[in-house]
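Accompanying notes for the structure given below.
The values are calculated or read from the model by the stated rules, or taken from the named source; none is laboratory data. Fair warning: this is a prediction, and the values are worked out from it, not measured in the lab. Note: ideal-geometry Cβ built from the backbone for every residue, glycine included; neighbour counts use all protein chains shown. Note: accessible area is taken over every heavy atom of the protein model, side chains too, but ligands, DNA and RNA are not part of it. Shrake-Rupley method; radii C 1.70, N 1.55, O 1.52, S 1.80 Å.
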Amino acid sequence: MFITAVETACVLGLRTEECLDALRERRGGLALSSNLPGAGFDSLPVGALPSRELVKGRRYGSASNAAVKVAAAAIRRAGWTPEQIRETWLFGASSRGNAGEILGVNAWRRPLRKFSASNTMHCEIPAAVSIELGMRGPWQMISNGCSSGLDALGMAWMAVASGVAPRALVVAVDLPLIDALLQDFQDTGLLSTTGVNDPFSLQTSGFFPAEAAVAVTLERDAAGLCRLEHYSANSDAYDTLMIPDDGGGIESCVRTALQSGAPDKVVAICPHATGTLNHARVEPPALLRALDGRQVPLLPLKPQTGHTLGASGLLDVALLAACMADHWLPATLPGLTPPACGLPLIESPLHLSAGDRVVKLASGMGGHNAAVSLRVV
């Protein structure tokens, strides 16, 4: 199974190439936003898209508009024919969907009231993609919190690997920079209160919200950016907000992904690393146990992209796949603190060889964990 094309849009850029340039330069994009004056959010660094063009459109909600545009770009990169597009299975993902439309924030830009009901549905995201691109295969909508994108990728992997789907498109979008939504995160204690952008430091205090839209194409027996080897998932069955102190769900989920191929070929793990203190304390030791003590370096990407909620897992995979196609991995943002458990960070760009493996982890609110294994071709 191969990831054959990706398109990414986030604070680092509106195209994959722009995002990769930022990774090469070890440059982050988080900044204060004058568009968030309420409830003290003007002092919170966030990751806004560089332009609002991606979310504009009269027929659909803002997240749906972004999904259509990145999906079309990914398909162009994949070179699919009209017949291949028609047969494609589609998987959408988002934690908060068209939250702006649901909360009435974007009512000003949608004068056509007949679309009001559809714009408040999470599933409008894949519906809009199927309509605009002419996809006749079934579409599904996954909303598993911050693991949504990675779970959607996993569902697509199972559908294509089983032979049921001829190919798949996975699209994930989240646009959380809305005062009411940020207030909910603040009330829950999840937003950063100190501005420390260092997810494994014990001074970290929460995450930095950000926008993103990403699309990935999956195909069997095709030349691709990288091979998608395996998907695993489980649940903590513990708490709606916190990871249990033993990190058992994370350990088990990652261990399954590691053992889907040669464990000694795993050269990096891209962790969830939200920036909450709970994650800083629990996630790294769980990863170390899953690795049976091997000192595999970590590559947290949220310090550069911000936390894009349900889009974050697929965004990381897309960026990793694009790098792996050129046989390299970026270094982390300068100045980050390695985890207290001893796992190192990737401090300089890492050269990759055919067969090298990378594992990506995501954890969703409510205690759901997902992991995928990627291999260099």
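Listing for the model above:
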quantity: Any hit, the range 352-362, residues being modelled with pLDDT under 95, touching a Cys at 6+ places or on another chain (Cβ under 6 Å) and not polar (S, T, N, Q); calculated: no
quantity: Search result, residues across the range 70-83 that are part of a helix (DSSP H, G or I) and surrounded by 21 or more Cβ atoms within 10 Å (Cβ to Cβ); calculated: V70, A71, A74, I75, A78
quantity: Number of the exception - L277 against (1) under 21 Å from R27 (Cβ atoms); (2) open to solvent by 10 Å² or more (accessible area, probe 1.4 Å); calculated: (1)
quantity: Where a residue in the range 166-190 is over 15 Å from L44 (Cβ atoms) and its partner, wherever it lies, is open to solvent by 50 Å² or more (accessible area, probe 1.4 Å) and assigned to a helix (DSSP H, G or I), with Cβ under 9 Å and at least six apart; calculated: P166/Q84; P166/E87; R167/Q84; R167/E87; A168/M155; V170/M155
quantity: Residue in the range 288-296 that is in contact (Cβ under 8 Å) with a residue 60 or more places away in the chain and either buried (at least 21 other Cβ atoms within 10 Å of the Cβ) or among the hydroxyl-bearing types (S, T, Y) (or both) present; calculated: no
quantity: Within the range 106-138, tally of residues that are outside any helix (DSSP H, G or I), modelled with pLDDT of 95 or more and of a type in the set (A, V, I, L, M); calculated: 1
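Residue-wise test of (1) aromatic (F, W, Y); (2) under 21 Å from A71 (Cα atoms); (3) surrounded by 24 or more Cβ atoms within 10 Å (Cβ to Cβ); (4) touching a Lys or Arg at 6+ places or on another chain (Cβ under 9 Å).
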| position | (1), (2), (3), (4) |
| --- | --- |
| K114 | no, no, no, no |
| V129 | no, yes, yes, no |
| G149 | no, yes, yes, no |
| A159 | no, yes, no, no |
| S162 | no, no, no, no |
| L169 | no, yes, yes, no |
| D179 | no, no, no, no |
